[in-house]
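Please read the structure below before turning to the comments.
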């Protein structure tokens, strides 16, 4: 198992519980983000559709607006143009941004706003010639302006959504391809490690048990031989003493060795 | 943000700009800065680029930038590079050239995303 | 005796006039699909070739209109250079209308701190006067007023109509129309010093112009802040509708009311019978050009020059309409703006 | 120089002319009594004593002078218009030279009459007794004078007429070539007027004979 694809944790039961919780969170988060991404994409598509639609009508509306201005210029001569160009004071039309919340993403939305600023200079443009046409052109361009503000909102929404979707997708992908596998790997690792420990302990216990059993059997057999043979009994009692020594020494050394070994293992892990 | 709302800036040929000024978007602020640029025969690309940059990054009171397509083509790299949501840059047709959706930087992204059914 | 001094100019003007685009030309031009075609056609049929030669593709409507304008200015200037009094004075009067526009442009530009080159660039070349550059660079309104008063022909109108203080406060459009009114009245006075026939013809033309001025102001002031009393001050003191027609016009509030006033005058009866509001304007223009056409049918009087300049303006506006229609692909509306009185006999 | 013959100057000229006549008449009045009247007898005497050659010379001068004046006037009117119109329509120049030639013809009529009249002149002595000319000589003088004046005035007016029509012709031709011939016909009629004057002048002068009695 490579070290890169999992968290560096002690393979303990507590850690396992923590990691498992994290994994659960990651999976739920993934599902939620996925849903959000879907919602955003849905909205995104709607915005795209609207943009395409508006941009197509925009061509028509602008064409009309331009043409009505041409009419005004035709009726009023060049002086109308200059009157307008030189008549700029304060903006009468401004846009106001408000925010709309789509799946936690704030999308700015523009509203046209008439500030009511007086346009005194422009008001009378073309009084002598073509004033009525100028007013028509103004209407046409105001209409175009309304459409353009909608388009601006949509486009801003598009850009914001685009950004938001990208971030969400990145998160989803990160959860899916990085965080979750890593956590899963960690869990797997901890479980494996715990199993290993368990097996080792079991084996050792078994080994000890087997030896004890063998020794006991041997002693019993020897006792039986002693019982059967007095001669043998003496030797047996001598030997039994010796065995006691051996058992004491071996048992003490075995337990100590085991402990040291386990600690060393953990050290290695960390 | 201004309590009255933000401005709409216009970059375009004389007639387009005049039309929008007529609609009332024109504004001259205290420092005599204009929120529109009339592009004539003698206007250089640099001037357009400067104005565009001013509207898109320097000035905070501009929320929407309208630019005619022909002029946008002249500073296409800047328009394409502009990716912020606000101010939003809108390409509009001018009087002589009909609207060409294919060269619109936003629309081309749109078409890319929709995968062909954008029209 | 007329011919001893003005024969050449008159014939020259008529020569120019005969080179106007005819109805057929407009029809042909209407069939063009691009401005390049228009250019080629204009080059092939008329005197425009010299002016159009330098136009580089892509051709813009402004280019063609500018060429037309250059041609008109050249014709007019040639005429003016040939002229001796009273024709020269008469032609000067014709330039005053453009001068008023230029002056207003200068005033407006100055108020907005535009550079003098920019303003001079926009000025109509026919209405240039010697001191215009100095007017343009004058620092403030008082200075401008003084300069205009001292060295321009418009001084007599300006001093009579507005004071220096007004110049700052009044709407430029108002000043323009006040000046125009003064100009018309002065022109009328000047014409009464000319020979009988010219006087007679010019009286008709100027009467019509005065009526047009009044009607247009009335129609165009609907829906604006222009009050009725101010409106009355913009009317001239002559005209076929003067005085009672003007009094009635002053109280009008809708186009229909204006039409009702117009119907009572035989000259405007047909104009008023039209449905659309804009047709009134168009009808008046046609009326004007028709009377100009009648004037051109007579020889040996100065009114021909007035008619000539009106036809010049008409050609300019026609050409502008035509090129814009073609450029904007709105050829279905072609007939709406074109006014062609067939000039050829 | 402003035009002498315009609407406003005509009454002034007429007044001047009347004044001159009155002065002449008053100057010839006999200075006697206080009766304010014209001494017709004296005027008559004055008139009969004028030399017939003076009248003849005056007639010849009028014939050629007025004709040339008329022709010049006409050519001027036509010419200035022609030049102006030719700026834009050069093709009309050669055709419309006809108008100029018509005007020129008027001058030629005058010259012809002047030559005819001057050939009539011959030396006739006065009556040695009375010192007066013979009545037929006087009559010849008056006839030559009248004929010259007839021809001159007719040609003057004819020249102006042809000039005006010619200038219109130039304009019309410039505007529409089809009109040229039509207006030329009018011009020919105009130029015929001069011819009437010439005919009358010739008939008139045919009676004038300077001969010794």
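In the range B:70-86 there is at least one residue matching the filter, namely being more than 14 Å from chain A (Cβ to nearest Cβ), surrounded by fewer than 19 Cβ atoms within 10 Å (Cβ to Cβ) and closer than 20 Å to residue A:163 by Cβ. Among the residues of the range A:83-102, not one is more than 7 Å from every other protein chain (Cβ to nearest Cβ), part of a loop (DSSP other than H, G, I, E, B) and touching a strand residue (DSSP E or B) at 6+ places or on another chain (Cβ under 6 Å). Only a single item in (1) facing chain B (nearest Cβ under 8 Å); (2) touching a residue at least 60 places away in the same chain (Cβ under 8 Å); (3) over 30 Å from the mean Cα position of the chain (by Cα) is not met by residue A:70, and it is number (2). Entry remark, the range C:154-182: residues being at pLDDT below 75 and either in a loop (DSSP other than H, G, I, E, B) or in contact with a strand residue (DSSP E or B) (Cβ under 6 Å, 6 or more places away or on another chain) (or both) number 4 in total.
Residues checked against (1) within 14 Å of chain C (Cβ to nearest Cβ); (2) at pLDDT below 85:
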{"position": "D:112", "(1), (2)": "no, no"}
{"position": "D:120", "(1), (2)": "no, no"}
{"position": "D:127", "(1), (2)": "no, yes"}
{"position": "D:159", "(1), (2)": "yes, no"}
{"position": "D:163", "(1), (2)": "yes, no"}
{"position": "D:166", "(1), (2)": "yes, no"}
{"position": "D:175", "(1), (2)": "yes, yes"}
{"position": "D:181", "(1), (2)": "no, no"}
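Based on this model, can you work out whether residue A:42 counts as within 14 Å of chain B (Cβ to nearest Cβ) and under 20 Å from the mean Cα position of the chain (by Cα)?
So residue A:42 fits the description; yes.
Against the definition (closer than 21 Å to residue B:86 by Cβ and surrounded by 24 or more Cβ atoms within 10 Å (Cβ to Cβ)), how does residue B:54 come out, yes or no? No. Consider the range B:30-59 and keep the residues that are in a loop (DSSP other than H, G, I, E, B) and either in contact (Cβ under 8 Å) with a residue 24 or more places away in the chain or touching a strand residue (DSSP E or B) at 6+ places or on another chain (Cβ under 7 Å) (or both). The one that is nearest to residue A:59 (Cα to Cα) is B:39.
Taken together, C:102, C:54 contain a single residue that is free of Cβ contacts under 8 Å to residues at least 24 places away in the same chain and either in a loop (DSSP other than H, G, I, E, B) or crowded, with 21+ Cβ neighbours inside 10 Å (or both), which is C:54. Would you call residue A:139 within 9 Å of another protein chain (Cβ to nearest Cβ), over 26 Å from residue B:84 (Cβ atoms) and buried (at least 19 other Cβ atoms within 10 Å of the Cβ)? So residue A:139 does not fit the description; no.
Restricting attention to the range B:13-27, does a residue exist that is over 21 Å from residue A:140 (Cβ atoms), more than 9 Å from chain A (Cβ to nearest Cβ) and assigned to a loop (DSSP other than H, G, I, E, B)? Looking through the range B:13-27, none of the residues is over 21 Å from residue A:140 (Cβ atoms), more than 9 Å from chain A (Cβ to nearest Cβ) and assigned to a loop (DSSP other than H, G, I, E, B).
Looking only at the range C:137-148, decide whether some residue is assigned to a loop (DSSP other than H, G, I, E, B), at pLDDT 70 or above and within 14 Å of chain A (Cβ to nearest Cβ). Give the steps one after another, and end with the answer.
Here is the first cut: in the range C:137-148, the ones assigned to a loop (DSSP other than H, G, I, E, B) are C:138-140.
Still in the running and at pLDDT 70 or above: C:140.
Narrowing the set further to residues that are within 14 Å of chain A (Cβ to nearest Cβ) leaves none.
Within the range C:137-148, not a single residue is assigned to a loop (DSSP other than H, G, I, E, B), at pLDDT 70 or above and within 14 Å of chain A (Cβ to nearest Cβ).
Considering (1) facing another protein chain (nearest Cβ under 10 Å); (2) crowded, with 19+ Cβ neighbours inside 10 Å; (3) touching a helix residue (DSSP H, G or I) at 6+ places or on another chain (Cβ under 7 Å), the lone condition that residue A:37 does not fulfil carries the number (1).
Within the range B:72-85, the residues that satisfy the criterion of being more than 15 Å from residue B:54 (Cβ to Cβ) and either assigned to a strand (DSSP E or B) or in contact with a strand residue (DSSP E or B) (Cβ under 8 Å, 6 or more places away or on another chain) (or both) are B:72, B:85.
Which one of these does residue B:42 not meet: (1) surrounded by fewer than 24 Cβ atoms within 10 Å (Cβ to Cβ); (2) at the interface with chain A (Cβ under 8 Å from one of its Cβ atoms)? Just one mismatch for residue B:42, condition (2).
Among the residues of the range C:66-84, is there at least one that is within 14 Å of chain B (Cβ to nearest Cβ) and at pLDDT below 85? Looking for residues that are within 14 Å of chain B (Cβ to nearest Cβ) and at pLDDT below 85, one finds at least one in the range C:66-84, hence yes. I need a count of the residues in the range C:326-345 that are in a helix (DSSP H, G or I) and either surrounded by fewer than 21 Cβ atoms within 10 Å (Cβ to Cβ) or at pLDDT 85 or above (or both). Of the residues in that region, 7 qualify.
Here residue C:252 fulfils each of the conditions (1) in a loop (DSSP other than H, G, I, E, B); (2) away from every other protein chain (no Cβ under 14 Å); (3) under 19 Å from residue A:132 (Cβ atoms) apart from (2).
The values are calculated or read from the model by the stated rules, or taken from the named source; none is laboratory data. Being a predicted model, the structure only gives us computed values, none of them experimental. Ideal geometry is used to build each Cβ from the backbone, glycine not excepted, and the neighbour counts take in all protein chains shown.
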